[in-house]
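Q: There's a structure below that I have some questions on.
The values are calculated or read from the model by the stated rules, or taken from the named source; none is laboratory data. Since this is a predicted model, take the numbers as computed values, not measurements. When we count neighbours, we look across all protein chains shown, and the Cβ atoms used for this are built from the backbone with ideal geometry, even at glycine.
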Amino acid sequence: MPMQEPIGLELTRTARLLSRTFDDSLAAAGGSLPTWLIVTALKRNVHAMQREIAAAVGIEDATLTHHLNRMERAGLISRHRPPDNRRNQVVTLTPAGEALFIELLGTVRAFDEQLRDGFSDDEVDVLRGILARMRANVSTDPPATR
């Protein structure tokens, strides 16, 4: 009987393939994963402080600043400093940013449908549970906060 690959290796290969394919889909729609994460964070909190976006997206402030600079040059976001707190910047989507969100949302939904093809809702629920357990198994957070 041939030796099976460790589950971690299979999962890593699958994750890389899915990530590349998802990135390619977003790029074809005029976006990227960081852009999608940022516009989604802004849609949840329309006038978000830059530090709140960094926390929501899970990236460092300096990396976020790089992405926001690019998005601002492209006319997708605007930034301003509130008069009561000049150290923070509030970020909002422009009409072009709103339009890109709608475009990318269609791409994300289509990719999700492609991934779910042939799976029942119950199977997707089981998969979500398995993935959550795997994340918990490798989490460095104390069990009470998992």
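Q: In region 16-44, which residues are outside any helix (DSSP H, G or I) and under 15 Å from the mean Cα position of the chain (by Cα)?
A: Gly31, Ser32, listed by residue number.
Q: Collect the residues in region 19-45 that are surrounded by 13 or more Cβ atoms within 10 Å (Cβ to Cβ) and hydrophobic (A, V, I, L, M, F, W, C), keeping them in residue-number order.
A: Phe22, Leu26, Ala27, Ala29, Leu33, Trp36, Leu37, Ile38, Val39, Ala41, Leu42
Q: Okay, moving on. Suppose the filter is under 22 Å from Leu37 (Cβ atoms), part of a loop (DSSP other than H, G, I, E, B) and either of a type in the set (S, T, N, Q) or in contact with a helix residue (DSSP H, G or I) (Cβ under 9 Å, 6 or more places away or on another chain) (or both); does Gly97 pass it?
A: Judged against the criteria, Gly97 is not a match.
Q: Going by the structure shown, is Ile77 over 23 Å from Leu17 (Cβ atoms), surrounded by 14 or more Cβ atoms within 10 Å (Cβ to Cβ) and touching a His at 6+ places or on another chain (Cβ under 9 Å)?
A: When the stated conditions are applied, Ile77 does not pass them.
Q: Does region 64-94 hold any residues that are closer than 20 Å to Glu52 by Cβ and assigned to a helix (DSSP H, G or I), and which are they?
A: Once the filter is applied, which keeps residues that are closer than 20 Å to Glu52 by Cβ and assigned to a helix (DSSP H, G or I), region 64-94 yields Leu64, Thr65, His66, His67, Leu68, Asn69, Arg70, Met71, Glu72.
Q: While we're here: Hey, can you tell me all the residues within region 97-128 that are more than 22 Å from Met71 (Cα to Cα) and either charged (D, E, K, R) or surrounded by fewer than 10 Cβ atoms within 10 Å (Cβ to Cβ) (or both)?
A: Within region 97-128, Arg109, Asp112, Glu113, Arg116, Asp117, Gly118, Ser120, Asp121, Asp122, Glu123, Asp125, Arg128 meet the criteria.
Q: Which condition does Leu11 not pass, out of (1) within 16 Å of the chain's Cα centre (by Cα); (2) touching a residue at least 24 places away in the same chain (Cβ under 8 Å), if it passes all the others?
A: Going through (1) within 16 Å of the chain's Cα centre (by Cα); (2) touching a residue at least 24 places away in the same chain (Cβ under 8 Å) one by one, Leu11 breaks only (1).
Q: Out of all the residues in region 34-52, is one or more over 28 Å from Leu115 (Cα atoms), modelled with pLDDT of 90 or more and acidic (Asp, Glu)?
A: So far as region 34-52 goes, no, none of its residues is over 28 Å from Leu115 (Cα atoms), modelled with pLDDT of 90 or more and acidic (Asp, Glu).
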